[in-house]
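**Q** Before anything else, here's the structure in question.
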Amino acid sequence: MKCNKSVGLARSGIGVAVFRLAVFLAIPALVAVIVLGGSPARAEYADIVINNYSDAAGMRPAVFPHWFHRIRFRCKVCHADIGFKFKAGGNEINMLKIINGEFCGACHNGEIAWTVDNCDFCHSGKPGTPTQVHGSTVQKLQKPATQPATQPAK
Amino acid sequence: MKPLFLALLWLIGGLLFLHRGVAVAAEDVFVNDGLHDPQGPSFHELQRPTEALAGFPPDTVGNKVRWVNALRDGLINPRTNIVPETKIQVLDMDIIFGNTGDNAFVRFPHRAHTEWLDCANCHPDPFKEKFNTSGIKMSAILEGKFCGKCHGAVAFPLTECARCHSIKPDSFRGQLGAQSVKKP
C-alpha cells in the first residue's frame, strides 16, 4: 500500500501513543495554568513604596498595599475625600501630619483603623528601596526601580 | 483497559500540575518581592495578597483580580466616603474616542469608573468635560498622564490594549463622543 509518509508515521502504534500522551498531559496543564494563573507575586501590583524621609530617619520605607485598601475603600475615599494626589511620594506625608489626622491619619487613628504606633505595619520595606509604584507599566517599560538593598540610600 | 490507561494519564498530569501549584502557593510572596524586609518586626503579621484576594474574580494581569466585577458581584463592599456629605455618583454613559491611528476606537465606560472614583478625580484635570479637548495621546498615557495616572499603576496595566481599544472602526456606525446616558 502506498501512502503519505507522515500519515504513515502518525498511524503507527508509537506515534499514536506519544500523541495521546502529549494531548492528555496538555489538557490538565492548560486547566492548571488557567485556574492557578502565573506568579502570585504580581498580586503586589500597585503597592506604593514611600521613601521620602524614611531612610534618612533610620526607618524602613513605608509600603502601602493598594490591594488591601481597595477591598475596604473606593478610590474616591482617599483620593477625593482625604486628598491624596495620584503621585507616589508626591504628597509630602510625614508622621506629624499623620498624627494630626491628615493623610493616613484620617483613618489610622484607632477609630476606623489601627493607630500609628504600629510603626512596623507600614514601615516594612527593605531599607534603600526607592519611592515607586511597584509593578507599574512605566516601571516595567523604562527601568527597574527596585535596587538591591545593599545599595546606599540617597 | 484503554479507558483505564487514559484515566491514569489524566490523573498523573493533573497531580503533577496541582503539585506545582501548591508548591508555588506555599512560597511566601513577601520573601523575595523586592519590597518587604523579612527582618522587619511585623513581617509575619502582614496579610498576604494570596490570602486576601483568594476567591475574587481572577484576572491575568495586575493584582490578578477583576476589581470591577468583584464590586458588581458584591464580593466586596468598599466604603464610599469618609466625609459625610460626599457621595459616589454613578454615571452610566460611554464615550467613544476615534482618532486612534491604526488601532481600534476606544470605549470609555463612565459606569465602571464612577463606581470607584469621584467626578473631581478626573474632571476638569486631566480630562476636560468637553469631548476631544484634552489632547489625550497614547505617548502621554504611557508616561503616566491621563488614563496612565491609574492604568498601569493601580488599574489594569497598559499592556492590555484591547480592553480600551475595543471598537472596530470598520463596523462602527454610531457617533463618536458621548453616548446616551443609560438609566438603571
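**Q** For residues that are over 19 Å from B:Pro109 (Cα atoms) and at the interface with chain A (Cβ under 7 Å from one of its Cβ atoms), scanning just region B:77-93, find the one that is surrounded by the fewest Cβ atoms within 10 Å (Cβ to Cβ).
**A** Filtering region B:77-93 for residues that are over 19 Å from B:Pro109 (Cα atoms) and at the interface with chain A (Cβ under 7 Å from one of its Cβ atoms), the one surrounded by the fewest Cβ atoms within 10 Å (Cβ to Cβ) comes out as B:Val83.
**Q** What's the total number of residues in region B:30-76 that are under 14 Å from the mean Cα position of the chain (by Cα) and charged (D, E, K, R)?
**A** The first filter runs over region B:30-76 and keeps only residues under 14 Å from the mean Cα position of the chain (by Cα), leaving B:53, B:56-72.
Subset that is charged (D, E, K, R): B:59, B:64, B:66, B:72.
Matching residues across region B:30-76 total 4.
**Q** Something else now. Which of the residues belonging to region B:26-45 are at the interface with chain A (Cβ under 7 Å from one of its Cβ atoms) and open to solvent by less than 30 Å² (accessible area, probe 1.4 Å)?
**A** If the condition is that a residue be at the interface with chain A (Cβ under 7 Å from one of its Cβ atoms) and open to solvent by less than 30 Å² (accessible area, probe 1.4 Å), then B:Val29, B:Asp33, B:Gly34, B:Leu35, B:His36, B:Asp37, B:Gly40, B:Ser42, B:Phe43 are the ones that fit.
**Q** Could you tell me which residue of region B:148-168 is farthest from the other protein chains (Cβ to nearest Cβ), considering only residues that are in contact (Cβ under 8 Å) with a residue 12 or more places away in the chain and open to solvent by 50 Å² or more (accessible area, probe 1.4 Å)?
**A** My answer is B:Lys168.
**Q** Which of the residues spanning region B:131-147 are open to solvent by less than 30 Å² (accessible area, probe 1.4 Å) and facing chain A (nearest Cβ under 9 Å)?
**A** Residue satisfying the conditions is B:Gly144 alone.
**Q** For region A:107-116: of the residues being farther than 16 Å from A:Arg70 by Cα and within 12 Å of chain B (Cβ to nearest Cβ), which is surrounded by the fewest Cβ atoms within 10 Å (Cβ to Cβ)?
**A** Start the filter on region A:107-116 by keeping residues that are farther than 16 Å from A:Arg70 by Cα, which leaves A:109-111, A:114-116.
Narrowing the set further to residues that are within 12 Å of chain B (Cβ to nearest Cβ) leaves A:109, A:111, A:114.
Details: A:Asn109: 15, A:Glu111: 8, A:Trp114: 11.
Checking each candidate, the answer is A:Glu111.
**Q** Still on this model: What single numbered condition from (1) within 11 Å of chain B (Cβ to nearest Cβ); (2) open to solvent by 30 Å² or more (accessible area, probe 1.4 Å) fails to hold for A:Val49?
**A** Answer for A:Val49: the failing condition is (2).
**Q** Can you find a residue that is assigned to a loop (DSSP other than H, G, I, E, B), over 14 Å from A:Phe86 (Cα atoms), open to solvent by less than 60 Å² (accessible area, probe 1.4 Å) and in contact (Cβ under 8 Å) with a residue 60 or more places away in the chain anywhere in region B:103-121?
**A** Yes: one or more hits.
**Q** For residues that are without any contact (Cβ under 8 Å) to a residue 60 or more places away in the chain and either more than 17 Å from B:Glu115 (Cα to Cα) or exposed (fewer than 15 other Cβ atoms within 10 Å of the Cβ) (or both), tally how many sit in region B:58-68.
**A** Of the residues in that region, 4 qualify.
**Q** Restricting to region A:60-72, what's the tally of residues that are more than 22 Å from A:Pro130 (Cα to Cα) and surrounded by fewer than 21 Cβ atoms within 10 Å (Cβ to Cβ)?
**A** Going through region A:60-72 one residue at a time, the tally reaches 2.
**Q** Check A:Ala10, A:Ala56 and return the single one that is modelled with pLDDT under 80 and away from chain B (no Cβ under 13 Å). Give the derivation first.
**A** Numbers: A:Ala56 fails: modelled with pLDDT under 80.
Answer to the selection: A:Ala10.
**Q** A follow-up question, please. Could you tell me how many of the residues in region A:92-115 are closer than 24 Å to B:Thr114 by Cβ and either in contact (Cβ under 8 Å) with a residue 40 or more places away in the chain or part of a loop (DSSP other than H, G, I, E, B) (or both)?
**A** 2
The values are calculated or read from the model by the stated rules, or taken from the named source; none is laboratory data. Please read these numbers as outputs of a predicted model, since none were measured by experiment. Here the Cβ is made from the backbone with ideal geometry for all residues, glycine too, and neighbour counts use every protein chain on show. Just the protein is used for accessible areas: all its heavy atoms, side chains included, with ligands, DNA and RNA removed. Shrake-Rupley method; radii C 1.70, N 1.55, O 1.52, S 1.80 Å.
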